[in-house]
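Have a look at the structure below, then the notes.
The values are calculated or read from the model by the stated rules, or taken from the named source; none is laboratory data. If you're wondering where the values come from, they're calculated on a predicted model, not measured in any experiment. No Cβ is skipped: glycine too gets one built from the backbone with ideal geometry, and neighbour counts run over all protein chains shown. Side chains are part of the model used for accessible areas, which takes the heavy atoms of the whole protein and leaves out ligands, DNA and RNA. Shrake-Rupley method; radii C 1.70, N 1.55, O 1.52, S 1.80 Å.
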Amino acid sequence: MSAAAHPKVYLAGFDVFRGDAVERGEYLKRLCREQGLEGLYPFDNEVPGGLAPAEQAAQICQLNLAMIRDADAVLANLNPFRGSEPDSGTAFEVGAAVALGKPVWAYFEPRGSMRQWLPGDEAGRDADGYFIEDFGLPRNLMLACSWAGCSASVEEGVAALRRHLRGASGI
């Protein structure tokens, strides 16, 4: 990443499933521009028409992975989605970024540690009898121990990621 270039940030999250996904993507990219970053939103990819659903899914996967490879960092929405945990696709993208050595900045509404906010019994087991992680972390240890930092909102996260990248690169 050169000092003259705007660092590229892959915008990971379940935002692509929102009814206003395109508008949300434009908002996220605007937040990035305001911080001197270039936001890469999955809907920026062009998927060819006429593909079977499984072929279309494979194409989207490959295009998103290419975006992550091209990015300098990932900003990940790790709010709960369809349950108590972050979106599984977003968790995969975070893992891919970490494996590629890309810094990941997470954002989510703070609720304390997993043990504090996930419903469980006195022994720390959930309704299905599984132990709830009790490391004092707000998300699963594999996420929480691999991100560069986390913020309470996307707005705070974009600014914090810019500061992190500026400090890491000396820009």
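For the range 64-78, a residue qualifies if it is farther than 16 Å from residue 37 by Cα, in contact (Cβ under 8 Å) with a residue 60 or more places away in the chain and out of contact with any Lys or Arg (no Cβ under 8 Å at 6 or more places or on another chain), and exactly one does: 77. With respect to the stated conditions, residue 169 fails to be at pLDDT 95 or above and open to solvent by less than 60 Å² (accessible area, probe 1.4 Å).
For the range 93-116, which residues satisfy the criterion of being surrounded by 15 or more Cβ atoms within 10 Å (Cβ to Cβ) and assigned to a helix (DSSP H, G or I)? Answer for the range 93-116, where residues must be surrounded by 15 or more Cβ atoms within 10 Å (Cβ to Cβ) and assigned to a helix (DSSP H, G or I): 93, 94, 96, 97, 98, 114, 115. Applying the set (1) open to solvent by 30 Å² or more (accessible area, probe 1.4 Å); (2) not in a helix (DSSP H, G or I) to residue 139 leaves exactly one unmet item: (1). Taking residue 13, is it modelled with pLDDT of 95 or more and in contact with a Cys (Cβ under 6 Å, 6 or more places away or on another chain)? So residue 13 fails the test.
Conditions (1) crowded, with 22+ Cβ neighbours inside 10 Å; (2) closer than 30 Å to residue 118 by Cβ; (3) not aliphatic (A, V, I, L, M), marked per residue:
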position: 10; (1), (2), (3): yes, yes, yes
position: 21; (1), (2), (3): no, yes, no
position: 39; (1), (2), (3): yes, no, yes
position: 65; (1), (2), (3): no, no, no
position: 71; (1), (2), (3): yes, no, no
position: 74; (1), (2), (3): yes, yes, no
position: 82; (1), (2), (3): no, yes, yes
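Among the residues of the range 4-61, those identified as without any contact (Cβ under 8 Å) to a residue 60 or more places away in the chain, assigned to a loop (DSSP other than H, G, I, E, B) and either among the aliphatic types (A, V, I, L, M) or within 22 Å of residue 82 (Cα to Cα) (or both) are 4, 5, 18, 19, 20, 41, 47, 51, 52.
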